[in-house]
Amino acid sequence: MINKTILPYFLFISLCIPQLVWAQQSLFQVKGKVASSDNTPLEYATVILLENGTHTSLDGTTTNSQGEFILKSTKQNVSLSITFLGYKDKLIPVDAFSNGTANLGTILLEESVQSVDEVVIQGEKSSTEFKLDKRVFNVGKDLSSSGASALDVLNNVPSVNVNIEGQISLRGSSGVQILINGKPSVIASEEGNAMGTITADMIEKIEVITNPSAKYEAEGTSGIINIVLKKDERKGINGSFTINIGVPHNHSFGLSLNRRTEKFNLFAQLGGGYRELPNDVTNNNTNLSSNTTLNTVGEQFRNENFYNFILGTDYYINPTNVITLSGSFSYEIEDQPSQTDFTQVDGDGNVLAEWRRTEVTEALNPKYQYELQYKKDFKDNKKHDLLFSVLGNLFAKDQSSEFLNESISGSGIDGRQRTSTSFGESRYTFKLDYTKPINDKITLETGAQYVINDVSNDFSVSNFFNETWVVDSGLTNVFEYDQKVLGVYGTGAYEGKKWGLKLGLRAENTDLKTFLVNTNETNKQDFTNLFPSAHTSFKFTERLSVMGGYSRRIRRPRLWDLNPFFNIRNNFSIRVGNPDLLPEFTDSYELTAIYVLDDLSMNVGVFNRFTSDVIERVSFFENEINTVTPLNIGTNSATGIEFNGKYSPVSWWSINGDFNYLYFNRKGEFENTNFDFTGTQWSARLNTKFSLKSDLDIEITGNYRSSFKTVQSVVSDVTFMNLGLRKKILKGRGVINLSVRDLFASRIQESQTIQPEFTVYNRRFRGRFIVMGFSYGFGKGEAMEFSAGRRRY
């Protein structure tokens, strides 16, 4: 099987090799030296050889420590372009070749006398362009010269919102992937959160992709934001540090450093802290046959000390070749105490039995990530490039738990149990992308990706019996999970002034194996699927555009959907995986109208998603034990309307709102039970931000999600509000943050399952969280928000 999946990958690479081998005999060379007006050599000045007339780049380099350079060309009709930060650009015609060499001697550059303020006055404003499958926000000098951070720039992009904590959402959804120059980066990851080292004047443009094309892996995603950096990124040292305290305990510190030169971009981050995540849980399991109910009320905690370290560098071999190497390490020490009270009552409310279950859990979680990337820019066109990357992720968990049951009254349960888990996961991604513009309007893309995911989970349950621990063989096993996904794709795009079309096709082969060692149970799945995509756009005016898109996506069962083990914290309300689970497929159609005015941007869209083999969680009830497991049940057709708007009526006040309405039609059957039903669901979010005097920002966000049906249950509606304050001090270098999540402690998650033989009620409540932090940017960096580990909810 391995040979079968790898063979197309190597065939693809072999087809790309002729594109990579570009060599011509150089007949002429141009050399010289660049210096300032006082004859001081200028190191790292950018020197480019251009063909006269077409201005096509023929060769480029940067000057060495002596200010010297040598360029080669097959043509004589050329000019030389020289640029250096803080000096005026210079364009020199080259017309004196002797024996194939033009020696230009020492070229003096004049210092630029234009001040930053003058640049702001004369600079261009930020603008939004509408491309085939994305919107492009071009960062103008109105933002890049203002000292804004990357998060401030993102907050000006239509459909994007960044709250005071620095959490990014797209069309109201926080499940968005952030890329730097088209690739994942530890700088942009939630684990790294080093976005404070990217300042606005380093950003060339920001691309927003709400319905990804075949170029991107078919695994579902709510959207992509790609931050494209300028090649002449800000030089020098950028850095910031932050410290946070919170209630419940959420204390952290972080330090980020970034050093840039013409050749190197070195970044590092160090962080650590301690946090607690309390959770109040209520479960009521009613057996309608015996008319008895088991009520459980518990308080659970997940406490952890955490540490992380990130180190990486970009090395610019020359203006057209760059290598990136980065790595990160994090380490978590978990402590999960819990206490659950059980009460069994009859139909009249009489107590039959009471007992208490306490838990002591400890775990160690080391995590590693590393990445190697090579990017080649071809000289014939700035969009002609090749990108190859290798990404590795390693995660391990060693966990031990001990449970004590103590009877309080009646025929309660006594006894001790313990579990142990030895878990290891490795994930490797190999990716190759090649882009070739045919002309100004037509572009072809092709590429391949190979992902290897290997997991082993050794899980054991023991009961204390006759003064000794006895392994429960029915609950003890080793689960092995091995998944390989090979994908290849091709896209073609035509883009005119008003109208464009992009078509793509992606093929992915999935080879999945699961194995339960102790019971010798094997599940193998090997399937190949095609994922077409089509996007079109029409620009009515510079402010009004319409975009339409179609894509086919897949949701493969995740590890914990397949893993048959469970946490027996509450052994009467458990969740287990299903090793036989199949992937679900979705055909997504979308039509969106986009309107952008100076102070107002709006998106109104209609969409339809048809999903087959829908993964639903189904309850099975026996002896008052509710077991929930995922199953593939039928189809779901969902049609909806979406509205997103951003409005700034005055310079100090902005409003951002999202509204989604969904009508769905579920069809399915399981074990002779019909699950056909229809339903609706809607959600709304309103965010308002006030920028007051003395550099004080106030942000209020209200959220509402309506109730909705599942195949067995009804999930209750949820309403909650968040509050944030931010105060800039020390001339903007320092930032004081205050964040209150769930201001009114109303974020309660409830669901109820009513079936002929049983009913189940679940309630979870986390409560209010308050965090206060201080961040300071030094060198050329900007202050960050909560960089050392934002709490996950």
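The values are calculated or read from the model by the stated rules, or taken from the named source; none is laboratory data. These numbers come from a predicted model, not from an experiment. Don't worry about glycine lacking a Cβ; one is built from the backbone with ideal geometry, like all the others, and counts go over all protein chains shown. SASA here: full protein model, heavy atoms, side chains in, ligands and nucleic acids out. Shrake-Rupley method; radii C 1.70, N 1.55, O 1.52, S 1.80 Å.
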Problem - Gyration tensor verdict on the stretch 585-701 (Cα atoms; rounded if a/c is under 1.5, prolate if a/b is larger than b/c, oblate otherwise) - result: oblate
Completion exercise
Carbon/sulfur accessible area of the stretch 283-423, % of total, 1.4 Å probe, equals 53 percent
Handout entry: Potential lengthening between Lys728 and Asn466 on full extension [0.36 nm per residue; Cα-Cα distance subtracted]
Key = 87.8 nm
Handout entry: Note, ³J(HN,Hα) from phi for the stretch 88-94, Karplus 6.51, -1.76, 1.60, rounded to Hz, x at Gly and Pro
Key = 6, 5, 9, 10, 10, x, 10
Exercise for the section: Using the heavy atoms of the protein chains and a 1.4 angstrom probe, tell me the accessible area per residue for the stretch 269-428 in square angstrom. Expected result: 46 Å²
Handout entry: Solvent-accessible area of Phe778 with every protein chain in place, 1.4 Å probe, in Å² to the nearest 10
Key = 60 Å²
Practice task
Over every pair of different alpha-carbon atoms in the stretch 47-107, take the mean of 1/r and invert it; report that Kirkwood radius in Å.
Solution key: 12.2 Å
Practice task
Let me know the shape class of the stretch 293-374, please: from the alpha-carbon gyration tensor, a ≥ b ≥ c as square roots of the eigenvalues, rounded when a/c is under 1.5, otherwise prolate if a/b is greater than b/c, or oblate.
Solution key: prolate
Practice task
Treat each spin label as a single point 7 Å out from the Cα along the C-beta direction, and report the Arg302 to Thr106 distance in nm.
Solution key: 6.6 nm
Handout entry: Cβ-derived FRET efficiency at R0 30 Å, Val360 paired with Phe329, nearest 0.05
Key = 0.60
Fill in the blank from the handout: Expressed as a percent, the accessible surface of the stretch 434-485 that is carbon or sulfur, using a 1.4 Å probe and the full set of protein chains, is 52 percent
Practice task
Only loop residues by DSSP count here, and only those with at most 10 other Cβ atoms within 10 Å; note down the GluC sites (Glu not before Pro) in the stretch 654-729 that meet that.
Solution key: Glu671
Exercise for the section: Could you check how much of the accessible area of the stretch 689-744 is carbon and sulfur, as a whole percent, using a 1.4 Å probe? Expected result: 63 percent
Practice task
Using the heavy atoms of the protein chains and a 1.4 angstrom probe, tell me the accessible area per residue for the stretch 532-663 in square angstrom.
Solution key: 44 Å²
Exercise for the section: Could you calculate the FRET efficiency of Thr282 with Tyr315 from 1/(1 + (r/R0)^6), where r is the beta carbon distance between them and R0 is 45 Å, rounded to 0.05? Expected result: 0.20
